[in-house]
Amino acid sequence: MRRSHVKKKADGYNKIENINERNFNGLGNLELLELGHNQLQILNNDTFRQLSSLYHLRLSKYENEQIMRTTLHLDHNQLDKLDFDIFAPLSSLQYLNLVQNNIKRIDGNVSQKLEKLKELNLNYNQLDKLDNEVFAPLSSLTRIDLMHNNIKQIDKSAFNGLRKLEILILDHNQLQKLDNELFATLPSLQNLMIANNTIKEIDANVFKGLSSLSKLYLNSNQIEKLENDLFAPLSSLSHLRLTKNSIKQIEENTFNGLGKLTTLDLDHNQLDKIERHVFSPLSSLSSLSLANNKINQFDENAFNGLNELEVLDLNHNKLERLDYTLLEPLSSLRELTLRKINKKKKNNSIKFIDELIFTEAELFIPDLRMVDLSSNSCINKNIPMNNIEIKKALSIVRRKCQHKEDLKKDQVKECQCNRDEFKEEMRQQFTEIKDIKQQLLKFENEIKSQYSDIKTKLNELTGTH
């Protein structure tokens, strides 16, 4: 029989010590390989690389169970079931790669634990459910990759026993709901990725026990509502990504407990209004993206508490005005973007900018370096600024915007401003200010002189000296 026709190969109960890739030349159609009860010492990373049709591999009961290699790649095969018992002889195994098989089920009922396994990669398989304690034999796991499966359900105790787990990736599955205390047994978890699912509902206590979590990605789901105190257990969270959901409203207490959060992405949602104090708990926030929403109104004090915010992205909303009271709390702001991304759509069309923003900007936003109002009513260019330039640069925009309704359409088609124009206008303004100061000083002296004359005359009339 030709080797290419062989589908089963049994080499168990021998004294085989070494196997390499060449032993399997021409066995591309091999489906079952039995290597149990041998004396194997080493399995190289590429030992089984040619076995593209393999779906059953048995490596049980070696006389010498100390396998020296720590990494095993069984990716791009036809495995349809995962039984951890078959890897029991690999006592030093730390990384197991099972990417792109047809695994539909994991058998967690095993007789031996893989106590040294740290990383398990099951991306691109056919899993649709994670049963209770399915990973319990893998108590040393620090990372599980489950991207691009068909997972619809995760039993409440699925992650029991994984107290050392740091990274859990569940992107690109079919999860619709996250149940209470689903991750409560993962005290060491730092990164949780659940993007690109169909999640509509998140129970109030789903994040209980995740005090070490640093990054939470929930982007590209169908979330409509965020419960009060939903993120309160996440005291170490630094990055929260909620991009591309259907969030329509944020409650005042939604972000309670997130004092260490530095990055919050809320772009591409359905927000139309930002309530007062909604961001107040975020005292460490440095970057906030609210782009591509439908925001037409900010309540007074909407940005209260954001003293560390450096980057604010409000691109592609429905804003028509920019008020001083809105930006006043943002004392560390460096970049503000309000671009009108699509000229044909009714998004940002800034017509009014509060005069105080320009006259007081150097005082309340001393670090501001860039304001982008591209394609709005009166501006069509990014403006890099320094402290000296900012007031005059923005005042040009202010004048044009505040008087736009008084101008004919053919008078102002576009307002393009560059640094040379700013500098020249600043020079002229400083000259004007100097002249005004001299006039004020002269006026003050005249008032003092007139006051002195009036006082003298009053004294003469009253006989007072």
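Miscellaneous remarks
- Within the stretch 276-300, considering residues that are surrounded by 20 or more Cβ atoms within 10 Å (Cβ to Cβ) and not in a loop (DSSP other than H, G, I, E, B), the one modelled with the lowest pLDDT: PHE298
- The strands (runs of 3 or more DSSP E) found wholly in the stretch 148-259 include none carrying at least 2 residues that are touching a residue at least 60 places away in the same chain (Cβ under 8 Å) and more than 19 Å from the chain's Cα centre (by Cα).
- If you go through the stretch 161-195 and keep only what is more than 25 Å from ASN101 (Cβ to Cβ) and crowded, with 17+ Cβ neighbours inside 10 Å, you end up with LEU178, LEU182, PHE183, ALA184, THR185, LEU186, LEU189, GLN190.
- Subset of the stretch 308-330 [within 20 Å of the chain's Cα centre (by Cα) and either surrounded by fewer than 15 Cβ atoms within 10 Å (Cβ to Cβ) or assigned to a helix (DSSP H, G or I) (or both)]: none
- Residue within the stretch 130-141 that is closer than 20 Å to LYS81 by Cβ, small (Gly, Ala, Ser) and either surrounded by fewer than 17 Cβ atoms within 10 Å (Cβ to Cβ) or at pLDDT 95 or above (or both) present: no
- Counted residues, the stretch 86-99 - those being in contact with an Asp or Glu (Cβ under 9 Å, 6 or more places away or on another chain) and buried (at least 16 other Cβ atoms within 10 Å of the Cβ): 9
- Filtered residues of the stretch 243-253 (kept if buried (at least 17 other Cβ atoms within 10 Å of the Cβ), at pLDDT 95 or above and not charged (D, E, K, R)): THR243, ASN245, ILE247
- Among (1) touching a Gly at 6+ places or on another chain (Cβ under 8 Å); (2) farther than 24 Å from ARG241 by Cβ, the one test that PRO187 misses: (2)
The values are calculated or read from the model by the stated rules, or taken from the named source; none is laboratory data. A quick note: this is a predicted structure, and the numbers were derived from the prediction, not measured. Cβ coordinates were reconstructed from backbone atoms using ideal geometry, including for glycine residues, and neighbour counts include every protein chain displayed.
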